[in-house]
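Accompanying notes for the structure given below.
The values are calculated or read from the model by the stated rules, or taken from the named source; none is laboratory data. Computed from a predicted structure; not experimentally measured. Positions of Cβ are generated from backbone atoms using ideal geometry, with glycine treated the same way; all protein chains shown enter the neighbour counts. Accessible surface areas use protein heavy atoms only, side chains included; no ligands, DNA or RNA. Shrake-Rupley method; radii C 1.70, N 1.55, O 1.52, S 1.80 Å.
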Amino acid sequence: MSDRVQIKDGVDLSGLHISMIRALPFVMETFDRAGFETIITSGLDGQHSVGSLHYKGRALDFRTRHLPGGSTGQAAKDMAHEIRSCLIDDYDVVHESTHIHVEYDPK
Ligand SMILES: [Zn+2]
C-alpha cells in the first residue's frame, strides 16, 4: 500500500469510525494506481448537511481538483467509479462537484 496520503490542514480525524479506516487503503490504492496523491479534505470537521455521516466519523472527502480535468472532469468521475467498485455495498461513493465523498451507510 502506498503511503502517499495527505491530510489538509484543519481536518479532524479524531473519532473516525473503523469503517473509514478500513476503506482508506482502497481509496489510496486507487489514487496511487492512477498516479495521484490521496488528499483528505474533510473528516469530522467542516460543514455538512444535517444528519451527515461526517459528524459520526463515517464519511471522508477526497480532493479531486489535482486530477486532469479538475473536480468535475472524467478522471474524477472514473476515480469515484473505481473506488466504488473496490468497496462493498455498505459504502456509498459520491462524485461531488468539488470532491469525492465516501461514507459507510449499511442498509
Ligand atoms: Zn462528504
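The listed residues are G15, G73, G69, G57, and the only one of them that is within 15 Å of the ligand (Cβ to nearest atom) and of a type in the set (G, A, S) turns out to be G57.
Only one entry of S2, S85, S71 meets the criterion of being farther than 20 Å from K107 by Cβ, polar (S, T, N, Q) and at pLDDT 95 or above, and that entry is S71. Taken together, the residues in the stretch 55-73 that are in contact with a Leu (Cβ under 9 Å, 6 or more places away or on another chain) and without any contact (Cβ under 8 Å) to a residue 24 or more places away in the chain amount to 2. Within the stretch 37-50, residues that are farther than 9 Å from D12 by Cα and within 11 Å of the ligand (Cβ to nearest atom) sit with their Cβ atoms under 7 Å from residues that are in a loop (DSSP other than H, G, I, E, B) and open to solvent by 30 Å² or more (accessible area, probe 1.4 Å), at 6+ positions apart or across chains, in these pairs: I40/K8; T41/K8.
Inside the stretch 1-29, can you point out the residues that are open to solvent by less than 60 Å² (accessible area, probe 1.4 Å), more than 28 Å from Q74 (Cβ to Cβ) and of a type in the set (A, V, I, L, M)? Within the stretch 1-29, L13, L16 meet the criteria.
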